[in-house]
Amino acid sequence: MRGWRVVGAMILLFSWALAQAWQTAKSPGFIVQTASSPDRALLPQVFTLLQQARRELVLAGLSPPQTVSVIIHPNLPSYTATTQQPWFILAVSDRRANTIHTQRLRILLERGSLERTLRHELFHLSQPEGWPRWRAEGAAMRFAGDRPTAAPFPAIREAELNRLLAQPPSSEALARAMATAYLWAQRLPPTSQRGALLSVQSAIR
Ligand SMILES: [Zn+2]
């Protein structure tokens, strides 16, 4: 009996390890890695959202990378260890690697932001080179359909805003910095809005 128990425990452990193993799914232009079955169940929706966002970015005159990798982390430790991001940042994009890292999709769904998060990060992988951080965040928010969730800072220097966006000390500071970036992007004079940003605005549904 004892032997069977050991075998049973090994089978359980093996199935658990299989369920946790990374699996890859592909759709034209996208490679998505998941390590949990609840995330895998949402893959059709994820691919539809990504393809739609890519079409809109191209229509807006931007150039999404040929192939984008999306890594959906199965838990917070995996996400934070890989990205070095705090828990309150749901996803992050690595422009050099054309890769998006996200927390579990259920977390994004619970916050009502699965679509907005994917669109926001795909925008970052497609944005023009050399934009200051605040401009990239403001434009990504507008493309994603994000709305500010806090009051903007009434007076803040550009360098300080960029620093807060890059390394936010708290979720509250991040929300205010994002609201400020959104506002500043909206206030760009028409000449500097020509091209990408203007077209992006028209692509917002
Ligand atoms: Zn962003």
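The values are calculated or read from the model by the stated rules, or taken from the named source; none is laboratory data. These numbers come from a predicted model, not from an experiment. Cβ: placed from backbone, ideal geometry, glycine included. Neighbour counts: every protein chain shown. Protein only, heavy atoms only, side chains kept; ligands, DNA and RNA dropped before computing areas. Shrake-Rupley method; radii C 1.70, N 1.55, O 1.52, S 1.80 Å.
For segment 113-160, the set of GluC sites (Glu not before Pro) satisfying both a DSSP loop assignment and a count of at most 15 other C-beta atoms within 10 Å is given as Glu129. Note on segment 22-126: Cα convex hull, mean projected area over all directions, 6.0 nm². Per residue, the accessible area of segment 98-192 comes to 47 Å² when a 1.4 Å probe rolls over the protein heavy atoms. If I compute solvent accessible area with a 1.4 Å probe over the protein chains, what percent of it on segment 22-126 is carbon and sulfur? Carbon with sulfur: 53 percent of the solvent-accessible area. Look at the alpha carbon pairs under 8 Å that are at least 6 residues apart: their mean separation over the length of segment 22-126 gives a relative contact order of 29 percent.
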